[in-house]
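Worksheet: one structure, shown below.
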Amino acid sequence: MQLASLFVAIVAVVSAFAQDPAVPDPSVNTPFGVIQCQPVQLTFSGSKPPFVITMVYAGEVASSPLTTVGTTSETYLTWIANLPTNTNYTVLIRDSVGRMNGSAPFVIFPDTSNATPTCAVVTPTTSPAPATSAAPAPASSAPAPSSAPAPASSGPAPAIRGRVVFW
């Protein structure tokens, strides 16, 4: 009888440690080094399969999916990266009870060995979020600076604020 009680206690302890509350259920790992038209192994976990794996623009988890990678009861899925390059995306996972979670943003890089994509690239119908945090380009560009030498200065240049417009 004591052996049975010990077994039940061990099973209870193991199952308590097996469910890490710090890991959301379901969860999906962020892919990295994604090259357009190349296979990517997406890995994830959860307690309520099957899982539906989709792609959305980064930060737009409530939007319609750009593409559905697939549905599986496994903890991995191979995807051919068939979305446009130089854009931030998020992998979304949804389990059988409707719980969702997303990866961190990732970028799909162009395949530098092929001038044109070697797969059918999905053309999203919505606009992407920018892939970089660089400042947006100005609405119009100023003419190129002349090749004349700059005047000599005896101190620091004064700060210029605002936009310079050339007529």
Note: among Thr72, Thr90, Thr54, just one is within 17 Å of Phe32 (Cβ to Cβ) and modelled with pLDDT of 95 or more, namely Thr90
Would you tally the residues in segment 36-65 being open to solvent by less than 60 Å² (accessible area, probe 1.4 Å) and outside any loop (DSSP other than H, G, I, E, B)? 12
Does Pro149 fit the bill of being over 13 Å from Gln36 (Cα atoms), assigned to a loop (DSSP other than H, G, I, E, B) and either modelled with pLDDT under 85 or aromatic (Phe, Trp, Tyr) (or both)? yes
Any residue in segment 108-117 that is open to solvent by 40 Å² or more (accessible area, probe 1.4 Å) and not in a loop (DSSP other than H, G, I, E, B)? yes
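For segment 80-103, give me the residue count where each residue is part of a loop (DSSP other than H, G, I, E, B), open to solvent by 50 Å² or more (accessible area, probe 1.4 Å) and touching a residue at least 60 places away in the same chain (Cβ under 8 Å).
1
The values are calculated or read from the model by the stated rules, or taken from the named source; none is laboratory data. Model, not experiment: these values are computed from the prediction. In this analysis, Cβ positions are derived from the backbone assuming ideal geometry, glycine residues included, and neighbour counts consider all displayed protein chains. The area values use the complete protein model at the heavy-atom level, side chains included, leaving out ligands, DNA and RNA. Shrake-Rupley method; radii C 1.70, N 1.55, O 1.52, S 1.80 Å.
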